[in-house]
Amino acid sequence: MKILSISAEVAPFAKTGGLADVCGALPKYLQKLGHDVRVVMPAYQKVEHEYHTTNKYGLSALPGQLWVPTGVGVSPAGGFRGTLPGSDVPIYFIAEWNLFGRPEIYGYSDDAYRFAFFCKAAVELLAALDWRPDVIHAHDWHAAPLITWLATAGTQDDRFRNIPTVFTIHNLAHQGRTHWKIFDYMGVQTYGLAEENYDEVNFMARGIHHATMINTVSPTYAREIMTPEYGAHLDKLLHSRAFDVHGILNGIDTDVWNPATDTYIAHKFDTNSLEAKIFNKRELQARAGLPQRDDVPLLALVSRLDFQKGLDLMGHPLHMLLNGFGGGEAQFIVLGTGADEYEQMFTRLAHYHKDKMRAYLTYDAMLSQLIYAGADMFLMPSRFEPCGLGQMIAMRYGTVPIVRMTGGLADTVYDGSTGFTFFDYTIDAFWNAMYRALQTYYHNRPHWQTIQKNAMNQDLSWETSAKRYAEIFAWAIARARGW
Ligand code: ADP
Ligand code: GLC
């Protein structure tokens, strides 16, 4: 199959979270299955800057310009081309300095226009490459304008008529809501959806409405989003397409996340040399300015500091933990950036528990690898979690996850076997799970090590999931061809 994957984030080029990990890894595994996969993303400031300086990814400029028709005239765009590192999967970058030459990926008032332009430029890119995909795999609302265009104006364009689309929802909370006039800009004429208020466009809803097939990133989240509690006001729309909604669990890129080969950690290890994990803990403690104590459990959090992540459950249990109420001493390290309220909470806690806690309120990919390798436990009490990669990466490094049973966390962590879980979104329930983990750590080391090994041995690779994606693509193609 010829597959185009379109996304706002692709690791390692631009990443704020797991979306980038998925879009950087899945295409490689689809290619290994024999498919012709290509990837397209915007050329953000960082990408252009790297191209003009170190060019460490060996990108080259596309010849000529893309002429992108919009409601305000035809706009030129440039492009780059390269490959996903560690593979020969082609990746294309849409360059338009006014729209993408900015320090951040998102958070601008014209985001809807930026990604609408990106999607329309992607169409012109396909035309310029003279490459017609059999199926388009669009990720999250940023790529939904492409699905919308293909299902409306695109049906009048011979080059793109009847290309099936698969829409993967990584996070229903971000919907890309904007004004109706964006359809003039995109050259689209269509009708309103029940989910859209007067004069409003909701690209997430459009993706769900127009895509040939819909997918989310775990089986549990696929069920949850059809309920009012998790549906973010789109549950009825999702329900109306229930037969086409799938839930394929993400994998992790086991080439990148591998304690036996990771060059960013202090000491490599695997299940047969688990005792060597301690060197990473000592290095991490030293780096964080914490006492190097082998016997004291080191808990960690690596996360976007967002409402989604259940951080309002954390303050009190952390205070209890660091005051010894878990039955012994403990240490805690957080790496994350995001909302002020959570940054302030961690700053205050770190100030209070100076010799036991360190807060890194930044984004640091290299440090994250040392934390995954060096910590004993990994906290993820998410309010909702479409899949979650943090807990999977932690497990791969023998770091025992303590998670809330929601979305992909419920599908990947097994209580008492590969981690510790709780269900109710309450401080009590979270503390209870932490307490049980601490008791096992302090008093039952053999069982603790069994949990670590079970976690490390769990198959979290992309191989199985890539095959499931290929199946869904094939169904979407069959549907479009009326088979
Ligand atoms: P989400 O996509 O909702 O942020 P995931 O668990 O799926 O959650 O993926 C998060 C990814 O982002 C993981 O690879 C995690 O290591 C990484 N990450 C999050 N915050 C940081 C940070 N501050 N520094 C480095 N990596 C981070
Ligand atoms: C989103 C979700 C996260 C998921 C990731 C990759 O960012 O919040 O749970 O793992 O996408 O699919």
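The values are calculated or read from the model by the stated rules, or taken from the named source; none is laboratory data. Everything numeric here is computed off the predicted structure, so don't read it as measured data. Here the Cβ positions follow ideal geometry from the backbone for every residue, glycine too, while neighbour counts run over all protein chains shown. Areas reflect the complete protein model, heavy atoms only, side chains present, ligands, DNA and RNA absent. Shrake-Rupley method; radii C 1.70, N 1.55, O 1.52, S 1.80 Å.
Please go through the stretch 169-191 and pick out each residue that is in contact (Cβ under 8 Å) with a residue 60 or more places away in the chain and within 16 Å of ligand 1 (Cβ to nearest atom).
I169, H170, N171, L172, A173
Determine, yes or no, whether G374 is at pLDDT 95 or above, away from ligand 2 (no atom under 14 Å from the Cβ) and at positive phi.
no
Determine which single condition A375 fails, assuming it passes every other condition in (1) surrounded by fewer than 21 Cβ atoms within 10 Å (Cβ to Cβ); (2) within 26 Å of the chain's Cα centre (by Cα).
(1)
Which residues, taken from the stretch 380-401, are closer than 23 Å to E229 by Cα and away from ligand 2 (no atom under 13 Å from the Cβ)?
Within the stretch 380-401, P381 is the sole residue that qualifies.
Test N162 against the stated conditions and say whether it is on the phi > 0 side of the Ramachandran plot, outside any helix (DSSP H, G or I) and either more than 16 Å from ligand 2 (Cβ to nearest atom) or outside the structural domain of I94 (by TED's automatic domain parsing) (or both).
The answer is yes for N162.
Residues to consider are K2, K46, K32, K28; find the one that is within 20 Å of the chain's Cα centre (by Cα) and within 30 Å of E471 (Cβ to Cβ).
Checking each option against the conditions leaves just K28.
Which fully enclosed strands (runs of 3 or more DSSP E) of the stretch 347-458 have 1 or more residues being hydroxyl-bearing (S, T, Y) and assigned by TED's automatic domain parsing to the domain that holds E283?
Per the criteria, 357-360, 420-422.
Could you count how many residues in the stretch 378-411 are open to solvent by 10 Å² or more (accessible area, probe 1.4 Å) and more than 8 Å from ligand 1 (Cβ to nearest atom)?
The total comes to 7.
When both residues are 6+ apart or on different chains and their Cβ atoms are under 6 Å apart, which pairs have a first residue that lies in the stretch 321-333 and is closer than 17 Å to D428 by Cα, and a second that is assigned to a helix (DSSP H, G or I) and not β-branched (V, I, T)?
G326/Y435; G326/L438; G327/L438; G327/Y442
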